[in-house]
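S.K.: A single structure is presented below for examination.
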Amino acid sequence: MKLKKQVIPLLFLVLFAITCKGDQPKPGEPVTPQDVYTKDEPGNWAGKENEHTPLVQVVSQSGKNNVAVTVTLLNPAENHFIEKIFIADATGRPWQEKLFVRKGMESSIDPQMLEQSNKIPGEVENVPGGKQYSAKFTIDVNVATSKKYKVYARCSQHDLWAAELK
């Protein structure tokens, strides 16, 4: 009788462990989606990092950092595009952003709203095999450091990607 009382809880634990094991992620697979993806940590989007990670070029001149950001999508489509590129401070609050308006949607953007909120349309250019999304920002050198600001790109299908402001 005592043996049955000891075996039943043990059997229950073994069955519970076997049942739960199927819910575990495979090695290297994130448990939950990431908030931000990077070239070094692409998570579920491994293989997309070269195409989605913002490329950042900073040129310092006359007390200003001129920041040029590009993202080149190799397979853009009507439902696959860069929605915006922005610079955010250490808290993640967008400081300045450029929006990319899909063709036919231009009339839905209020120009006064864009001007008042620093939300300025970015540039989109056709390049061999895809589209290049570009944004330019200017930050005072004494305000901006690579530790305070990051550059982000939001893809309509592959979430939010970040790069260091160097």
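The values are calculated or read from the model by the stated rules, or taken from the named source; none is laboratory data. These figures come from a predicted structure and were not determined experimentally. Methodologically, a virtual Cβ is constructed for each residue, glycine included, from the backbone with ideal geometry; neighbour enumeration extends over all protein chains shown.
S.K.: Within region 61-116, restricting attention to residues that are under 18 Å from Lys150 (Cβ atoms) and of a type in the set (Gly, Ala, Ser), which residue is modelled with the highest pLDDT?
M.R.: Checking each candidate, the answer is Ala68.
Quick grid of which residues meet (1) buried (at least 17 other Cβ atoms within 10 Å of the Cβ); (2) within 21 Å of Lys98 (Cα to Cα); (3) not basic (Lys, Arg):
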{"position": "Pro42", "(1), (2), (3)": "yes, no, yes"}
{"position": "Trp45", "(1), (2), (3)": "yes, no, yes"}
{"position": "His52", "(1), (2), (3)": "yes, yes, yes"}
{"position": "Asn66", "(1), (2), (3)": "no, yes, yes"}
{"position": "Leu74", "(1), (2), (3)": "no, yes, yes"}
{"position": "Ala77", "(1), (2), (3)": "no, yes, yes"}
{"position": "Phe81", "(1), (2), (3)": "yes, yes, yes"}
{"position": "Lys84", "(1), (2), (3)": "yes, yes, no"}
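S.K.: For the subset of region 36-84 comprising residues that are part of a strand (DSSP E or B) and within 12 Å of the chain's Cα centre (by Cα), which member is farthest from Phe137 (Cα to Cα)?
M.R.: Tyr37
S.K.: Could I ask something else about it? Just for region 117-138: of the residues that are at pLDDT 80 or above and small (Gly, Ala, Ser), which one is farthest from Lys64 (Cα to Cα)?
M.R.: Gly129
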